[in-house]
Amino acid sequence: MKLALIGYGKVARAFARLLEKKRASYPFRIVGAHTLRHGTAIDPKGLAADPVFGPPVASVEEFLDRTRAEVALELTTLNPESGEPAISHIRAAFARGQHVITSNKGPVAFAYAELRDEAARAGVMFRHEAAVMDGTPVFNLVRNNLPGVEIKGFAGALNSTSKVVVQSMLKGRSFEEGVEDARALGVAEADASFDTEGWDSAAKAAALANVLMDARLTPHAVDRRGIGRLTPERLALLKASGKTVVLVSRARRTPAGVKLRVRAEVLPADDLLAAMYGTSNLLILDTDLMGEIGVFTLQPGLKQTAYGLFSDLVDIARG
Ligand SMILES: NC(=O)c1ccc[n+]([C@@H]2O[C@H](COP(=O)([O-])OP(=O)(O)OC[C@H]3O[C@@H](n4cnc5c(N)ncnc54)[C@H](OP(=O)(O)O)[C@@H]3O)[C@@H](O)[C@H]2O)c1
């Protein structure tokens with residue numbers, strides 16, 4: 001199967017390395033990579049993992065026309081305000097009869113229902129396992145392993161930076177030092193308030209709810225409050241009474257539709273949601289037929305995100 005990659009940054013490179021490793025059993029071939037500033041590389045025989053980029057083609061549409069791949073991977077930077085231009089990139093691939101896989105949560109958080117329906121009309125698949133939990137099976141888990149189950153809600157500890165900041169403050173460091181610790185670990189966004197004020201958690205909540213609960217909401221609809229007002233002193237008091245704070249994304253189905261909330265919640269220190277540290281993430285699904293069922297990954301990184309893309313690709317190849 002021929003693949004066209006829109007965006008060739010950290011995730012794309014990790015994905016290319018994974019394909020290299022699995023080449024003997026899975027003959028997928030990256031035939032094109034297109035970036036914003038580094039140019040475009042196209043080779044129908046397959047690109048090297050570290051391709052040489054030439055001048056950029058004029059548009060993503062032209063890139064997709066020239067690569068003639070069966071699958072387009074949308075791996076560009078997240079736009080947390082609107083999900084664009086990634087949404088348009090995905091539509092351009094659908095219009096050319098190409099399946100799409102993305103690790104970008106923007107399109108799933110802002111336009112999932114439309115994209116799902118457009119993919120169905122075009123007779124192609126739209127997959128996004130790596131977009132929310134770094135490749136941990138959640139969308140594929142529900143689709144493939146929980147047939148007939150209704151998701152009534154969920155609770156997740158999904159943001160790495162906020163966990164690192166709280167854990168640093170529990171050791172007596174200041175909020176700002178906690179943010180520095182998250183930066184040193186490479187998990188904080190350039191603007192760390194995107195994490196600490198709950199925007200990342202809100203985007204993840206919207207993406208999960210749109211896919212698993214057909215919520216048709218955007219991150220702007222999330223009732224959101226981050227950890228920005230927490231202090232080491234307040235955390236020390238909570239710790240003394242066996243409690244801690246976790247930035248939690250929650251969804252629940254109500255008669256008025258799906259409600260989404262992100263809050264710095266005070267929880268018992270031994271609560272399951274408080275068990276995650278660093279980049280580890282956890283999601284508990286509340287279901288009608290299986291009660292509460294959850295997934296977690298310990299300290300995921302680029303390897304796991306690359307696997308999320310690969311698992312979608314194998315799923316598509318199997319038809
Ligand atoms: N890094 C992670 O651990 C991780 C985990 C899960 C999900 N994600 C998501 O996966 C996506 C990629 O992440 P990353 O870490 O690989 O990002 P990255 O290293 O910043 O790479 C982004 C790539 O997208 C390209 N790009 C940006 N805007 C573009 C446009 N309009 N047209 C064409 N190319 C464009 C950039 O081009 P230039 O090279 O020219 O700048 C770059 O090659 C993001 O949406 C991110 O949120 C990342």
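The values are calculated or read from the model by the stated rules, or taken from the named source; none is laboratory data. Predicted model, so just to flag it, every value in this text is computed and none were measured. Using ideal geometry, Cβ is built from the backbone for each residue, glycine included, and neighbour counts are taken over all protein chains shown. The protein model used for the area step is the full one, side chains on, heavy atoms only, and it has no ligands, DNA or RNA in it. Shrake-Rupley method; radii C 1.70, N 1.55, O 1.52, S 1.80 Å.
I'd like the full set of residues that are under 16 Å from LEU75 (Cβ atoms), assigned to a loop (DSSP other than H, G, I, E, B) and over 23 Å from the mean Cα position of the chain (by Cα), limited to segment 31-48.
Within segment 31-48, ARG37, HIS38, GLY39, LEU47 qualify.
Hey, could you check segment 77-91 for residues that are within 11 Å of the ligand (Cβ to nearest atom) and open to solvent by less than 30 Å² (accessible area, probe 1.4 Å) and say which is farthest from the chain's Cα centre (by Cα)?
Only one residue fits best here, namely HIS89.
In segment 106-143, what residues are among the small types (Gly, Ala, Ser) and within 16 Å of the ligand (Cβ to nearest atom)?
Passing the criteria: GLY106, ALA109, ALA111, ALA130, ALA131, GLY135.
Could you list, in sequence order, the residues of segment 99-142 that are within 17 Å of the chain's Cα centre (by Cα), part of a strand (DSSP E or B) and in contact (Cβ under 8 Å) with a residue 40 or more places away in the chain?
ILE101, ARG127
Go through ALA48, ALA12 for me and flag whichever is more than 19 Å from PHE94 (Cα to Cα), out of contact with any helix residue (DSSP H, G or I) (no Cβ under 8 Å at 6 or more places or on another chain) and modelled with pLDDT under 95. Spell out the reasoning first.
Values: ALA12 fails: modelled with pLDDT under 95.
Criteria check complete, one pass: ALA48.
One line per residue, one yes/no per condition, for (1) surrounded by 20 or more Cβ atoms within 10 Å (Cβ to Cβ); (2) of a type in the set (Val, Ile, Thr); (3) out of contact with any helix residue (DSSP H, G or I) (no Cβ under 9 Å at 6 or more places or on another chain):
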{"site": "ALA120", "(1), (2), (3)": "no, no, yes"}
{"site": "GLY123", "(1), (2), (3)": "no, no, yes"}
{"site": "ALA131", "(1), (2), (3)": "yes, no, no"}
{"site": "ASN144", "(1), (2), (3)": "no, no, no"}
{"site": "ALA155", "(1), (2), (3)": "yes, no, no"}
{"site": "LEU170", "(1), (2), (3)": "no, no, no"}
{"site": "ALA182", "(1), (2), (3)": "yes, no, no"}
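State whether one or more residues within segment 95-105 are closer than 19 Å to ILE316 by Cα, more than 12 Å from the ligand (Cβ to nearest atom) and small (Gly, Ala, Ser).
yes
May I ask you to list the residues in segment 51-105 that are closer than 17 Å to PHE15 by Cα and hydroxyl-bearing (Ser, Thr, Tyr)?
Once the filter is applied, which keeps residues that are closer than 17 Å to PHE15 by Cα and hydroxyl-bearing (Ser, Thr, Tyr), segment 51-105 yields THR76, THR77, THR102, SER103.
Give just the number: which of (1) touching a strand residue (DSSP E or B) at 6+ places or on another chain (Cβ under 7 Å); (2) modelled with pLDDT under 95; (3) of a type outside the set (D, E, K, R) does GLY301 not satisfy?
Failed condition: (1).
Output the residues belonging to segment 302-319 that are touching a residue at least 24 places away in the same chain (Cβ under 8 Å) and surrounded by fewer than 16 Cβ atoms within 10 Å (Cβ to Cβ).
Taking segment 302-319 as the starting set, the residues that turn out to be touching a residue at least 24 places away in the same chain (Cβ under 8 Å) are 302-317.
LYS303, VAL314, ALA317, listed by residue number.
If you go through segment 9-30 one residue at a time, do you hit one that is within 8 Å of the ligand (Cβ to nearest atom), assigned to a loop (DSSP other than H, G, I, E, B), touching a residue at least 40 places away in the same chain (Cβ under 8 Å) and not aliphatic (A, V, I, L, M)?
Scanning segment 9-30 turns up at least one residue that is within 8 Å of the ligand (Cβ to nearest atom), assigned to a loop (DSSP other than H, G, I, E, B), touching a residue at least 40 places away in the same chain (Cβ under 8 Å) and not aliphatic (A, V, I, L, M).
For LEU267, state whether it is touching a Gly at 6+ places or on another chain (Cβ under 8 Å) and among the hydrophobic types (A, V, I, L, M, F, W, C). Step through it out loud before you land on a result.
Numbers: touching a Gly at 6+ places or on another chain (Cβ under 8 Å): no; among the hydrophobic types (A, V, I, L, M, F, W, C): yes.
The answer is no for LEU267.
Which of the residues spanning segment 31-60 are away from the ligand (no atom under 13 Å from the Cβ) and at positive phi?
GLY46
Yes/no per residue for (1) within 30 Å of ALA69 (Cα to Cα); (2) hydrophobic (A, V, I, L, M, F, W, C):
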{"residue": "GLY257", "(1), (2)": "no, no"}
{"residue": "MET276", "(1), (2)": "no, yes"}
{"residue": "ASP286", "(1), (2)": "no, no"}
{"residue": "MET290", "(1), (2)": "no, yes"}
{"residue": "PHE296", "(1), (2)": "no, yes"}
{"residue": "VAL314", "(1), (2)": "yes, yes"}
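Any residue that is over 20 Å from ASP312 (Cα atoms) and not β-branched (Val, Ile, Thr) - is there at least one of those in segment 7-30?
Within segment 7-30, the first condition is being over 20 Å from ASP312 (Cα atoms), and the residues that meet it are none.
Within segment 7-30 (the criterion being over 20 Å from ASP312 (Cα atoms) and not β-branched (Val, Ile, Thr)), the answer is no, since none of the residues qualifies.
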